[in-house]
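Here's the structure we're looking at; comments come further down.
The values are calculated or read from the model by the stated rules, or taken from the named source; none is laboratory data. Only a predicted model underlies this, so the values are computations on that prediction, with no experimental measurement involved. A quick note on method: Cβ atoms are made from the backbone with ideal geometry, for glycine too, and the neighbour counts reach across all protein chains shown. Areas reflect the complete protein model, heavy atoms only, side chains present, ligands, DNA and RNA absent. Shrake-Rupley method; radii C 1.70, N 1.55, O 1.52, S 1.80 Å.
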Number of protein chains: 4
Amino acid sequence: MSFEFGRHLHITIFGQSHAKAIGVVMDGLPAGEMIDFSAVESFMSRRAPGKNVLTTERNEPDFPVILSGICNDRTCGAPVCMMIENQDPRPKDYVAIQDIPRPMHADYPAYIKSGGYNDIRGGGPYSGRMTAPLCLAGAVCLQLLANRGIKIAAHIASVADVQDQLFDPVAVDASQMDSLLSRNFPVLNEKAGEEMRERIQAAKLDQDSVGGVIEAAAIGFPAGYGDPMFDGLENRLAQVLFGIPAVKGLEFGAGFSSTKMRGSEHNDPFYFSETGEIRTRTNHHGGILGGISTGMPIILRVAFKPTPSIGKEQDSVSFSRKENVKLTIQGRHDPCVVLRAVPVVEAAIAVVLLDYLL
Amino acid sequence: MSFEFGRHLHITIFGQSHAKAIGVVMDGLPAGEMIDFSAVESFMSRRAPGKNVLTTERNEPDFPVILSGICNDRTCGAPVCMMIENQDPRPKDYVAIQDIPRPMHADYPAYIKSGGYNDIRGGGPYSGRMTAPLCLAGAVCLQLLANRGIKIAAHIASVADVQDQLFDPVAVDASQMDSLLSRNFPVLNEKAGEEMRERIQAAKLDQDSVGGVIEAAAIGFPAGYGDPMFDGLENRLAQVLFGIPAVKGLEFGAGFSSTKMRGSEHNDPFYFSETGEIRTRTNHHGGILGGISTGMPIILRVAFKPTPSIGKEQDSVSFSRKENVKLTIQGRHDPCVVLRAVPVVEAAIAVVLLDYLL
Amino acid sequence: MSFEFGRHLHITIFGQSHAKAIGVVMDGLPAGEMIDFSAVESFMSRRAPGKNVLTTERNEPDFPVILSGICNDRTCGAPVCMMIENQDPRPKDYVAIQDIPRPMHADYPAYIKSGGYNDIRGGGPYSGRMTAPLCLAGAVCLQLLANRGIKIAAHIASVADVQDQLFDPVAVDASQMDSLLSRNFPVLNEKAGEEMRERIQAAKLDQDSVGGVIEAAAIGFPAGYGDPMFDGLENRLAQVLFGIPAVKGLEFGAGFSSTKMRGSEHNDPFYFSETGEIRTRTNHHGGILGGISTGMPIILRVAFKPTPSIGKEQDSVSFSRKENVKLTIQGRHDPCVVLRAVPVVEAAIAVVLLDYLL
Amino acid sequence: MSFEFGRHLHITIFGQSHAKAIGVVMDGLPAGEMIDFSAVESFMSRRAPGKNVLTTERNEPDFPVILSGICNDRTCGAPVCMMIENQDPRPKDYVAIQDIPRPMHADYPAYIKSGGYNDIRGGGPYSGRMTAPLCLAGAVCLQLLANRGIKIAAHIASVADVQDQLFDPVAVDASQMDSLLSRNFPVLNEKAGEEMRERIQAAKLDQDSVGGVIEAAAIGFPAGYGDPMFDGLENRLAQVLFGIPAVKGLEFGAGFSSTKMRGSEHNDPFYFSETGEIRTRTNHHGGILGGISTGMPIILRVAFKPTPSIGKEQDSVSFSRKENVKLTIQGRHDPCVVLRAVPVVEAAIAVVLLDYLL
């Protein structure tokens, strides 16, 4: 496996869903940065389950133990290691799946890859739980970015067929972002949010699940960063965002919808702003041209498939018996991963953006 | 910049649109592999412009000079370096843009990044021309993949609002792929292809451009490959595919449409095939679960924005005069990059898939 | 800083001498490998201080807590994380050096590098203590190597002016290596060992220190591994071995002494052994030619400078007062690091050799 | 193989001794740096053979063709690719060795590694000729370093048993270095140089060869650079220096001789210089502590084994006949590689030092 990424800021994640602990090592943070760990904990609580009826009922207070890298609340240059001890594992829930791969989970390819030695408990290292260490890293990076005038926020752009309003890509501002960050169910259009919750609740009642899209914006990121051809902003954001379990699609700016436009419609005209900065009148490019930041808001959307764990009976196979079997998954699962994934997407963007600035 | 990627197979690209040469170094190919360079040239001719009225009229016979790494038509273990000497540059076409960034091109952020020292001629290293070395590498990799029973092919899934039929993701087969590889305008539905050509021709007449989507499939890739969390198949395919100029979106399997499905509809049931292999009855997962191959066809779609270079007058700025100006781009440009990008997408997939097998 | 290395097997170390914990993440171990953690603990006890009067009197039982990556005593494919909680820190010993860099330590350049925010306690992340996580990783790798028929052992080749006998480079064998691994003071010539201990004891009484050389051998490593020009065996062994604090020199095979030989004397003639293997009659090349293993024993020697921490008064500077000052270092220190570094050298070799085989 | 290295400045070398060309790609150079290619050619001529009777008589005017990355004599941000076309190959000289590995060359392990498909002509990619592209890269880096006040020079510290005077490690200065750079046979003590030439000439007459040591110094490199634990200055210099064929040993500062000193003798005392800088009164540490630069001159010594190609008959094996055979190597070879390796060592240091500053 490969739980590392980053050039100047190397992130290494470790753990499995039911290991003794999960955690992250961050190597390359500059020394002397003040870290507010109560803000880290606040960020983690945004990802925490059990907040409301729409998320899994497991109780996971994912507050980290700081193992290294911090002296007197500041980075000291040594790698920062943060660990979350796992609790409340209930391994018995997972005994049935040792031999029967859950549809749409990594169980089957992981079995092949590991020769059957993979840790199946709770999805092992393929679990959505592995996004908790990513969020720890992101929460630290967000503070360093904030000190440099950069802000990141995301909202639920759709759940099933219900669409939230999208960001106005030339007019995302700090107050709008702050407002999103403080909400339990972050949407721009509250009425859309209500309908989304209904869809999720309906799926839950049906022992089923739904997918959705998260839209994120970053503002204040200066022009000129990105290393094309293969380490441009889009390349690296993609590398990390596709590391979030259940992500199946990604687009920047106008994305797939740009394919239906003509160039004359899609091209963003340059102009000098009143303060003498070069800006674009529209922002179909999503703040990135040729893999390099333009100084305009960075806009992207991430597609999450419906939660694969559903209560309904499904078709699968038995490895040992070499025959087709029926499978009913026990356990507690989010009927829609999108809600808890909002801070994860923000965290993924944060670790990538900070890397360029170091 | 960062023109390298790959773990076991390191690919390094060099050049600019109007440099003396462009090329690629491939380090990590196993020794003793027979390479058919006439097949490499055939592959390159699929990307070549000037084939018909829909592509730019420049004449670029992109056949490589083999500088190193090949002995008696076989790889010898040393890095394979292939070079294409640039011809027919017509640098005078680009004088105007030294001071005035072309909308939707990398000119502006590249200017910031390089302090004004970037090579602006033909887009310099940000040019679509840099996909030629990627294709050289891909053409070599495709041969090694073919020897291992793996085949890759792509088609134009849409241009503007015209949709081609999509692959049946459980029934992509070698003959269908071979048929696509031999076509000048690769589509599954010939009637859709005709309409697409009309859209492109219409845009050209309007001095405008259109975008589109390419869908690709890979078959024969065995289950169990991929290194999640950050070097899974999706992560690495994304890293390379977003290196192709004009790409703004990417999805695997059902992708964005999965977000509108319920889990019970989206989940692909496992079953034992008649030959005793574990397969899925549907393939919404696009051959990848948890970042690891499942042995089902790998299916992905890539969104290309409309060609930014259009003949119409556009708004831009003058760096030196610090004022808003009008810009009319001269030169010869593809009204739709999608056609020539089909082999580029195949090449990008090839270099990634082979890397996992080495 | 950069606490990572490795290609297929990524090693990431974290911690500081007086952080809450130190540890290591190993990503890339194959799944299904049985790990005997009592053997890991035995290996760690070879590095432990406090064994005898020649080493520091601190008590550090460096037994790891396994945080992740192990299921039922086997690797499961997820990153293996092992942590050692720090004890017995006595931070007060180090207050004086916050402002006054200790000669020959990293204090001064680390102060410059970190802008004064480095963790000075016990040398922080520059401490010899950071070799404990390297030994954890090495102890795991040694087990996988042993399963593949590869053995590594080292001895103290010199302390001050006292020389041990060197390995006969064509005749290192498993029993000789086992004998070294079981000794408290591993030397080939017991009489030389006694003299070395006298030199160390004498230095200690003088509140001084001495340096020395460690020679290591690896047998059973097959021919054909190594990736020149820059990831050959010598390159990578060097990269890791120079990561051990106090190492200032490294040579392979005949090393520096080869510079005084003629080619006709130095060249190792090839021959077919009785069992039909290609071997060399002498082994001045130390098992590596062109960066690639030849199948002969790998032989290397590592030079360790005298322990920089000595009890004698020394000249230094005060950062704050910007003047020259006298410094007397308190605390407990090894008068010779060589003894405890023997397993560290073995561990460093183990992580590198295993990486090539994965 | 692995012909790449570097973090911020990625160097990729390609070619074989008798390929169509050899060359180097440098990715990561800042844009806008003026490069004087006549200075590059002057540097290359220092490495060129055929200068005098002591080096091989082949004629190799290794002047590069600039393929990319340079606009108007300045770097433009795109990867710089430089190529040297091979001439005068005389492949017939090497027919005999296809089946019979030359002692002390990479032939045998390369044969195993590549399954017999390696390019044997002139040593293929294992040839000392591959240091020419390294010198091209180094010659460019030396110019950027010079602009930043950093100078590198080396001299022949020994040949066989003849020792040159060593640098006074606290008093290396620019004029001394310039003087070395301008000499055909760079030594500090001219009388020692004469004796060295006699040793080389004598070896040549005997159809034999000799080894030697090169000492290098870098001045002006600022304090605070280096990324321990595994990317410190010593680690990375070692990684690259061991990539030079024939290198078997490396030491920094007092190196192996430090092992015979006591700490009180070896420790370099800090003091404030008259200009208010922190310096050390002695420089046993060779300008590097804990892997980080101290601002003192960086001093290192590299051991080169005797040239393995000698005219005398030697013992080897026949792969095909599986029997011991006699081998007499034809062709023209340097009786001592040390002379031509002096600029190679400087180049290797240059690429590493510049990487830290980018």
Just give me the residues in the range B:295-307 being within 7 Å of chain A (Cβ to nearest Cβ) and either over 29 Å from B:SER209 (Cβ atoms) or among the hydroxyl-bearing types (Ser, Thr, Tyr) (or both), in sequence order.
B:THR307
Positions within the range D:157-178 being in a helix (DSSP H, G or I) and under 19 Å from the mean Cα position of the chain (by Cα), in sequence order:
D:MET177, D:ASP178
Scan the range C:138-150 and give yes if some residue there is closer than 30 Å to A:GLY69 by Cβ, polar (S, T, N, Q), more than 19 Å from the chain's Cα centre (by Cα) and surrounded by fewer than 22 Cβ atoms within 10 Å (Cβ to Cβ), otherwise no.
no
Contact list, first residue from the range A:110-132 and more than 11 Å from chain B (Cβ to nearest Cβ) and over 11 Å from B:GLY290 (Cα atoms), second anywhere and open to solvent by 40 Å² or more (accessible area, probe 1.4 Å) and assigned to a helix (DSSP H, G or I), beta-carbon distance below 7 Å, six or more apart or interchain, is A:ILE120/A:GLN98; A:ARG121/A:PRO91
In the range B:271-283, the residues that are under 19 Å from A:HIS105 (Cβ atoms), open to solvent by 10 Å² or more (accessible area, probe 1.4 Å) and more than 7 Å from every other protein chain (Cβ to nearest Cβ)
B:GLU277, B:ARG279, B:ARG281, B:THR282
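Could you list, in sequence order, the residues of the range C:215-233 that are over 30 Å from D:GLY6 (Cβ atoms) and out of contact with any Gly (no Cβ under 8 Å at 6 or more places or on another chain)? Break it down stepwise before answering.
Quick first cut of the range C:215-233, residues over 30 Å from D:GLY6 (Cβ atoms) only: C:215, C:217, C:219-220.
Matches in the range C:215-233: C:GLU215, C:ALA217, C:ILE219.
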Given the condition of a type outside the set (A, V, I, L, M), out of contact with any Pro (no Cβ under 9 Å at 6 or more places or on another chain), within 30 Å of C:PRO103 (Cβ to Cβ) and open to solvent by 10 Å² or more (accessible area, probe 1.4 Å), answer yes or no: does some residue in the range C:169-192 qualify?
yes
Looking at (1) open to solvent by 10 Å² or more (accessible area, probe 1.4 Å); (2) at the interface with chain C (Cβ under 7 Å from one of its Cβ atoms); (3) in a loop (DSSP other than H, G, I, E, B), which is the one condition that is false for D:ASP268?
(1)
What do you reckon, is B:TYR94 touching a Lys or Arg at 6+ places or on another chain (Cβ under 9 Å), open to solvent by less than 40 Å² (accessible area, probe 1.4 Å), modelled with pLDDT under 95 and not in a loop (DSSP other than H, G, I, E, B)?
yes
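Give the number of residues within the range B:1-12 that are at the interface with chain D (Cβ under 7 Å from one of its Cβ atoms) and outside any strand (DSSP E or B). Break it down stepwise before answering.
Of the residues in the range B:1-12, the ones at the interface with chain D (Cβ under 7 Å from one of its Cβ atoms) are B:1-4, B:10, B:12.
This time we only want the ones that are outside any strand (DSSP E or B), so: B:1, B:3.
Number of matching residues: 2.
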Per the list (1) at pLDDT 95 or above; (2) surrounded by 22 or more Cβ atoms within 10 Å (Cβ to Cβ); (3) in contact with a Phe, Trp or Tyr (Cβ under 8 Å, 6 or more places away or on another chain), residue check on C:MET104 breaks on (3)
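Only residues that are open to solvent by 20 Å² or more (accessible area, probe 1.4 Å) and either at the interface with another protein chain (Cβ under 7 Å from one of its Cβ atoms) or assigned to a helix (DSSP H, G or I) (or both): list them for the range D:196-235, please.
Filtering the range D:196-235 for residues open to solvent by 20 Å² or more (accessible area, probe 1.4 Å) gives D:197-199, D:201-202, D:204-207, D:219-220, D:222-223, D:225, D:227.
Across the range D:196-235, the qualifying residues are D:ARG197, D:GLU198, D:ARG199, D:GLN201, D:ALA202, D:LYS204, D:LEU205, D:ALA223, D:ASP227.
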Members of the range A:246-258 found to be closer than 25 Å to A:ILE13 by Cβ, facing another protein chain (nearest Cβ under 7 Å) and either open to solvent by 10 Å² or more (accessible area, probe 1.4 Å) or not aliphatic (A, V, I, L, M) (or both), listed by number:
A:LYS248, A:GLY249, A:PHE252
Looking at (1) under 30 Å from C:ARG281 (Cβ atoms); (2) at pLDDT 95 or above; (3) away from chain D (no Cβ under 11 Å), which is the only condition C:ASP173 fails?
(2)
List the number of the failed condition for D:GLY286; all other conditions in (1) surrounded by fewer than 24 Cβ atoms within 10 Å (Cβ to Cβ); (2) more than 7 Å from every other protein chain (Cβ to nearest Cβ); (3) touching a strand residue (DSSP E or B) at 6+ places or on another chain (Cβ under 6 Å) hold.
(1)
State yes or no: is A:ILE292 more than 7 Å from chain B (Cβ to nearest Cβ) and surrounded by 24 or more Cβ atoms within 10 Å (Cβ to Cβ)?
no
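Residues that are farther than 28 Å from C:ASP164 by Cα and of a type outside the set (Phe, Trp, Tyr): find the strands (runs of 3 or more DSSP E) completely inside the range C:276-358 holding 3 or more of those. Let's see the steps before the verdict.
Details: elements: C:278-280, C:298-304, C:314-318, C:323-327.
Those strands (runs of 3 or more DSSP E) span C:314-318, C:323-327.
Please tell me if B:MET261 is surrounded by fewer than 21 Cβ atoms within 10 Å (Cβ to Cβ) and among the hydrophobic types (A, V, I, L, M, F, W, C). Spell out how you get there, then give the answer.
On the way: surrounded by fewer than 21 Cβ atoms within 10 Å (Cβ to Cβ): yes; among the hydrophobic types (A, V, I, L, M, F, W, C): yes.
For B:MET261, the condition - surrounded by fewer than 21 Cβ atoms within 10 Å (Cβ to Cβ) and among the hydrophobic types (A, V, I, L, M, F, W, C) - is met.
Can you name every residue in the range B:98-109 that is under 16 Å from B:MET1 (Cα atoms) and facing another protein chain (nearest Cβ under 7 Å)? Talk me through it step by step, then tell me what you get.
So the first thing to find is which residues in the range B:98-109 are under 16 Å from B:MET1 (Cα atoms), and the list is B:106-109.
B:ALA106, B:TYR108, B:PRO109, listed by residue number.
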Can you tell me which residue among D:GLY32, D:GLY15, D:GLY28 is facing another protein chain (nearest Cβ under 8 Å), on the phi > 0 side of the Ramachandran plot and in contact with a Pro (Cβ under 7 Å, 6 or more places away or on another chain)?
D:GLY15
Condition first: surrounded by 24 or more Cβ atoms within 10 Å (Cβ to Cβ) and in contact with a helix residue (DSSP H, G or I) (Cβ under 8 Å, 6 or more places away or on another chain). Can you find one or more residues in the range A:311-334 that meet it?
no
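Within the range B:236-252, can you find the residues that are touching a residue at least 24 places away in the same chain (Cβ under 8 Å) and assigned to a loop (DSSP other than H, G, I, E, B)? Walk me through how you get there before you give the answer.
Taking the range B:236-252 as the starting set, the residues that turn out to be touching a residue at least 24 places away in the same chain (Cβ under 8 Å) are B:236-237, B:239-241, B:243-252.
Of everything in the range B:236-252, those that are touching a residue at least 24 places away in the same chain (Cβ under 8 Å) and assigned to a loop (DSSP other than H, G, I, E, B) turn out to be B:GLY243, B:ILE244, B:PRO245, B:ALA246.
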Over 25 Å from C:ASP227 (Cα atoms) and either open to solvent by less than 30 Å² (accessible area, probe 1.4 Å) or modelled with pLDDT of 95 or more (or both), is that true of D:ALA19?
no
